[in-house]
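S.K.: Once you've had a glance at the structure underneath, I'll fire off some questions.
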(Lines give C-alpha, C1' and ligand atoms only; values in the text may rest on other atoms or scores of the structure.)
Protein backbone atom coordinates (compact mmCIF):
# COMPACT_ATOMS: atom_id res chain seq x y z
CA UNK A 1 0.00 0.00 0.00
CA UNK A 2 3.00 2.35 -0.50
CA UNK A 3 1.35 4.14 -3.42
CA UNK A 4 -1.71 4.81 -1.29
CA UNK A 5 0.46 6.11 1.54
CA UNK A 6 2.36 8.51 -0.73
CA UNK A 7 -0.81 9.79 -2.40
CA UNK A 8 -2.50 10.31 0.96
CA UNK A 9 0.55 12.30 2.10
CA UNK A 10 0.08 14.61 -0.90
CA UNK A 11 -3.32 15.46 0.57
CA UNK A 12 -1.88 15.98 4.03
CA UNK A 13 -3.13 12.63 5.33
CA UNK A 14 -1.10 10.17 7.38
CA UNK A 15 -2.31 6.58 7.49
CA UNK A 16 -1.64 4.41 10.53
CA UNK A 17 -0.26 0.89 10.28
CA UNK A 18 -3.70 -0.49 11.15
CA UNK A 19 -5.34 1.55 8.40
CA UNK A 20 -2.74 0.35 5.90
CA UNK A 21 -3.49 -3.24 6.89
CA UNK A 22 -7.23 -2.63 6.49
CA UNK A 23 -6.74 -1.18 3.02
CA UNK A 24 -4.61 -4.20 2.12
CA UNK A 25 -7.37 -6.54 3.29
CA UNK A 26 -9.92 -4.48 1.36
CA UNK A 27 -7.94 -5.04 -1.85
CA UNK A 28 -7.58 -8.79 -1.24
CA UNK A 29 -11.33 -9.21 -0.65
CA UNK A 30 -12.21 -7.01 -3.64
CA UNK A 31 -9.99 -9.02 -6.00
CA UNK A 32 -11.28 -12.34 -4.65
CA UNK A 33 -14.98 -11.47 -4.86
CA UNK A 34 -14.56 -9.82 -8.24
CA UNK A 35 -13.86 -13.20 -9.81
CA UNK A 36 -17.47 -14.20 -9.25
CA UNK A 37 -19.40 -10.98 -8.61
CA UNK A 38 -18.09 -8.54 -11.26
CA UNK A 39 -17.69 -5.68 -8.80
CA UNK A 40 -15.21 -3.56 -10.74
CA UNK A 41 -13.03 -3.52 -13.84
CA UNK A 42 -10.09 -2.38 -11.68
CA UNK A 43 -8.48 -5.05 -9.49
CA UNK A 44 -4.71 -4.75 -10.04
CA UNK A 45 -3.07 -3.69 -6.78
CA UNK A 46 -1.48 -0.46 -8.04
CA UNK A 47 -4.62 0.61 -9.90
CA UNK A 48 -6.87 -0.10 -6.91
CA UNK A 49 -4.68 2.04 -4.66
CA UNK A 50 -4.91 5.00 -7.04
CA UNK A 51 -8.27 4.77 -8.82
CA UNK A 52 -10.34 3.41 -5.95
CA UNK A 53 -8.70 4.20 -2.61
CA UNK A 54 -7.01 7.53 -3.35
CA UNK A 55 -9.84 8.65 -5.57
CA UNK A 56 -12.25 8.06 -2.69
CA UNK A 57 -10.12 10.11 -0.31
CA UNK A 58 -10.26 13.13 -2.63
CA UNK A 59 -13.68 13.84 -1.07
CA UNK A 60 -11.61 15.40 1.72
CA UNK A 61 -10.47 18.17 -0.63
CA UNK A 62 -13.90 19.68 0.05
CA UNK A 63 -13.12 19.55 3.81
CA UNK A 64 -9.78 21.37 4.27
CA UNK A 65 -10.21 21.33 8.05
CA UNK A 66 -11.03 17.62 8.06
CA UNK A 67 -14.30 15.72 8.10
CA UNK A 68 -16.14 16.06 11.43
CA UNK A 69 -15.94 12.70 13.19
CA UNK A 70 -19.67 12.66 13.95
CA UNK A 71 -20.69 13.12 10.31
CA UNK A 72 -23.59 10.98 9.13
CA UNK A 73 -23.07 10.18 5.48
CA UNK A 74 -24.73 8.17 2.74
CA UNK A 75 -23.05 6.77 -0.36
CA UNK A 76 -25.53 6.64 -3.26
CA UNK A 77 -24.66 3.90 -5.72
CA UNK A 78 -22.01 2.55 -3.37
CA UNK A 79 -20.93 -0.33 -5.61
CA UNK A 80 -17.95 -1.97 -3.92
CA UNK A 81 -17.86 0.72 -1.22
CA UNK A 82 -16.30 3.70 -2.97
CA UNK A 83 -15.91 6.43 -1.89
CA UNK A 84 -17.46 5.93 1.55
CA UNK A 85 -15.61 2.95 3.04
CA UNK A 86 -12.08 4.34 2.51
CA UNK A 87 -13.31 7.43 4.38
CA UNK A 88 -14.70 5.19 7.12
CA UNK A 89 -11.27 3.58 7.51
CA UNK A 90 -9.78 7.03 8.11
CA UNK A 91 -12.61 8.22 10.35
CA UNK A 92 -13.88 5.17 12.30
CA UNK A 93 -16.61 7.15 14.10
CA UNK A 94 -18.43 8.11 10.91
CA UNK A 95 -21.99 6.82 10.62
CA UNK A 96 -22.32 5.44 7.11
CA UNK A 97 -25.23 4.21 5.00
CA UNK A 98 -24.54 2.43 1.73
CA UNK A 99 -27.25 2.56 -0.95
CA UNK A 100 -26.80 -0.04 -3.69
CA UNK A 101 -29.34 -1.77 -5.92
CA UNK A 102 -27.30 -4.81 -7.04
CA UNK A 103 -27.60 -7.87 -4.82
CA UNK A 104 -24.09 -9.24 -5.37
CA UNK A 105 -22.60 -5.89 -4.48
CA UNK A 106 -24.63 -5.58 -1.28
CA UNK A 107 -23.53 -9.11 -0.37
CA UNK A 108 -19.91 -8.10 -0.86
CA UNK A 109 -20.39 -4.99 1.26
CA UNK A 110 -21.93 -6.98 4.12
CA UNK A 111 -19.06 -9.48 3.91
CA UNK A 112 -16.42 -6.75 3.82
CA UNK A 113 -17.85 -4.98 6.87
CA UNK A 114 -17.48 -8.21 8.82
CA UNK A 115 -13.94 -8.88 7.62
CA UNK A 116 -12.78 -5.34 8.40
CA UNK A 117 -14.66 -5.25 11.70
CA UNK A 118 -16.46 -2.01 10.86
CA UNK A 119 -19.39 -0.85 12.98
CA UNK A 120 -21.76 2.04 12.43
CA UNK A 121 -22.40 1.07 8.80
CA UNK A 122 -25.74 0.08 7.26
CA UNK A 123 -26.30 -1.45 3.83
CA UNK A 124 -29.53 -0.56 2.01
CA UNK A 125 -30.45 -2.60 -1.03
CA UNK A 126 -32.63 -0.69 -3.48
CA UNK A 127 -32.87 2.11 -6.01
CA UNK A 128 -31.96 5.61 -4.87
CA UNK A 129 -35.18 6.92 -6.41
CA UNK A 130 -37.18 4.73 -4.01
CA UNK A 131 -35.02 4.78 -0.89
CA UNK A 132 -34.81 8.58 -0.93
CA UNK A 133 -38.54 8.62 -0.06
CA UNK A 134 -38.01 6.44 3.03
CA UNK A 135 -38.59 8.41 6.27
CA UNK A 136 -35.46 6.78 7.71
CA UNK A 137 -33.26 8.19 4.98
CA UNK A 138 -34.89 11.28 3.51
CA UNK A 139 -33.03 14.51 4.30
CA UNK A 140 -31.24 12.75 7.13
CA UNK A 141 -27.56 13.03 6.19
CA UNK A 142 -24.84 15.62 6.76
CA UNK A 143 -22.94 14.44 3.68
CA UNK A 144 -24.14 12.64 0.57
CA UNK A 145 -21.56 11.06 -1.73
CA UNK A 146 -21.68 9.62 -5.21
CA UNK A 147 -19.03 8.54 -7.66
CA UNK A 148 -21.45 7.82 -10.46
CA UNK A 149 -20.98 8.35 -14.17
CA UNK A 150 -24.38 9.97 -14.70
CA UNK A 151 -24.66 13.59 -15.75
CA UNK A 152 -24.78 16.18 -12.98
CA UNK A 153 -28.55 16.96 -13.12
CA UNK A 154 -29.29 13.23 -12.76
CA UNK A 155 -26.83 12.78 -9.90
CA UNK A 156 -28.32 15.76 -8.10
CA UNK A 157 -31.78 14.20 -8.25
CA UNK A 158 -30.36 10.95 -6.87
CA UNK A 159 -28.47 12.64 -4.02
CA UNK A 160 -30.00 15.93 -2.82
CA UNK A 161 -33.19 14.30 -1.43
CA UNK A 162 -30.98 12.40 1.07
CA UNK A 163 -29.23 15.56 2.28
CA UNK A 164 -30.40 17.50 5.34
CA UNK A 165 -30.82 21.26 5.28
CA UNK A 166 -27.39 22.74 5.86
CA UNK A 167 -25.71 19.55 4.70
CA UNK A 168 -23.57 18.95 1.66
CA UNK A 169 -23.41 16.75 -1.42
CA UNK A 170 -19.96 15.82 -2.76
CA UNK A 171 -19.77 14.29 -6.23
CA UNK A 172 -16.61 12.81 -7.74
CA UNK A 173 -16.60 13.76 -11.41
CA UNK A 174 -14.42 14.43 -14.43
CA UNK A 175 -14.72 17.34 -16.86
CA UNK A 176 -17.87 18.95 -15.47
CA UNK A 177 -17.76 22.49 -16.88
CA UNK A 178 -20.58 21.96 -19.38
CA UNK A 179 -22.57 19.84 -16.92
CA UNK A 180 -22.43 22.57 -14.28
CA UNK A 181 -23.72 25.12 -16.78
CA UNK A 182 -26.68 22.84 -17.48
CA UNK A 183 -27.45 21.99 -13.84
CA UNK A 184 -29.00 25.30 -12.74
CA UNK A 185 -32.58 24.07 -13.15
CA UNK A 186 -31.91 20.88 -11.18
CA UNK A 187 -30.22 22.79 -8.37
CA UNK A 188 -33.14 25.20 -8.10
CA UNK A 189 -35.79 22.47 -8.21
CA UNK A 190 -34.05 20.23 -5.65
CA UNK A 191 -32.96 22.83 -3.12
CA UNK A 192 -29.24 22.84 -3.82
CA UNK A 193 -26.67 25.56 -4.38
CA UNK A 194 -23.29 24.98 -5.98
CA UNK A 195 -20.52 25.73 -3.50
CA UNK A 196 -17.45 25.16 -5.66
CA UNK A 197 -15.46 22.54 -7.50
CA UNK A 198 -12.21 21.29 -6.03
CA UNK A 199 -9.64 20.19 -8.65
CA UNK A 200 -7.82 16.93 -7.92
CA UNK A 201 -4.04 17.20 -8.29
CA UNK A 202 -2.92 13.94 -6.73
CA UNK A 203 -0.33 11.84 -8.56
CA UNK A 204 -2.13 9.40 -10.85
CA UNK A 205 -5.44 11.30 -10.69
CA UNK A 206 -4.65 14.31 -12.85
CA UNK A 207 -7.13 13.43 -15.61
CA UNK A 208 -9.40 16.46 -15.06
CA UNK A 209 -11.00 15.04 -11.90
CA UNK A 210 -12.86 17.34 -9.54
CA UNK A 211 -14.97 17.16 -6.42
CA UNK A 212 -18.23 19.04 -6.95
CA UNK A 213 -19.57 20.38 -3.65
CA UNK A 214 -23.25 21.37 -3.40
CA UNK A 215 -24.88 22.86 -0.31
CA UNK A 216 -28.46 22.00 0.66
CA UNK A 217 -30.21 25.34 1.14
CA UNK A 218 -33.91 24.39 0.82
CA UNK A 219 -35.94 21.27 1.46
CA UNK A 220 -36.38 19.06 -1.60
CA UNK A 221 -40.03 18.98 -2.78
CA UNK A 222 -41.73 15.63 -2.03
CA UNK A 223 -42.14 14.71 -5.70
CA UNK A 224 -38.38 14.25 -6.05
CA UNK A 225 -36.74 12.00 -6.88
CA UNK A 226 -39.13 10.88 -9.56
CA UNK A 227 -39.90 7.21 -10.17
CA UNK A 228 -37.02 4.83 -11.04
CA UNK A 229 -35.44 5.57 -14.37
CA UNK A 230 -36.91 9.05 -14.84
CA UNK A 231 -33.93 11.09 -13.51
CA UNK A 232 -31.68 9.48 -16.12
CA UNK A 233 -34.25 9.36 -18.93
CA UNK A 234 -35.49 12.94 -18.47
CA UNK A 235 -32.92 14.96 -16.50
CA UNK A 236 -34.15 18.16 -14.91
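S.K.: Here are some conditions: (1) more than 24 Å from residue 125 (Cα to Cα); (2) assigned to a loop (DSSP other than H, G, I, E, B). Residue 54 meets all but one. Which one does it not meet?
M.R.: Failing condition for residue 54: (2).
S.K.: Moving on. Working only within the stretch 189-201, note down all residues that are more than 18 Å from the chain's Cα centre (by Cα) and surrounded by fewer than 19 Cβ atoms within 10 Å (Cβ to Cβ).
M.R.: If the condition is that a residue be more than 18 Å from the chain's Cα centre (by Cα) and surrounded by fewer than 19 Cβ atoms within 10 Å (Cβ to Cβ), then 189, 193, 201 are the ones that fit.
S.K.: A further question on this structure: Quick test for you: out of 210, 202, pick the one residue that is over 22 Å from residue 68 (Cβ atoms) and part of a loop (DSSP other than H, G, I, E, B).
M.R.: 202
S.K.: So residue 68 fits all but one of (1) buried (at least 16 other Cβ atoms within 10 Å of the Cβ); (2) farther than 18 Å from residue 146 by Cα; (3) touching a residue at least 60 places away in the same chain (Cβ under 8 Å); what number is the exception?
M.R.: (1)
S.K.: Any idea which residue in the stretch 164-188 is surrounded by the most Cβ atoms within 10 Å (Cβ to Cβ), counting only those that are part of a strand (DSSP E or B) and out of contact with any helix residue (DSSP H, G or I) (no Cβ under 9 Å at 6 or more places or on another chain)? Walk me through it before giving the result.
M.R.: Of all residues in the stretch 164-188, those part of a strand (DSSP E or B) come to 164-174.
Next, from what is left, pick out any that are out of contact with any helix residue (DSSP H, G or I) (no Cβ under 9 Å at 6 or more places or on another chain): 164-167, 174.
Details: 164: 16, 165: 12, 166: 9, 167: 20, 174: 11.
The extreme case among them is 167.
S.K.: If we keep just the residues of the stretch 32-53 that are surrounded by fewer than 16 Cβ atoms within 10 Å (Cβ to Cβ) and over 19 Å from residue 200 (Cβ atoms), which is modelled with the highest pLDDT?
M.R.: By that ranking, first place goes to 32.
S.K.: Is one or more of the residues making up the stretch 100-117 touching a strand residue (DSSP E or B) at 6+ places or on another chain (Cβ under 7 Å), touching a residue at least 12 places away in the same chain (Cβ under 8 Å) and within 20 Å of residue 220 (Cβ to Cβ)?
M.R.: No: zero hits.
The values are calculated or read from the model by the stated rules, or taken from the named source; none is laboratory data. Just so it is clear, the structure is predicted and the values come from calculations on it, not from any experiment. Positions of Cβ are backbone-derived with ideal geometry, glycine not excepted, and every protein chain shown enters the neighbour counts.
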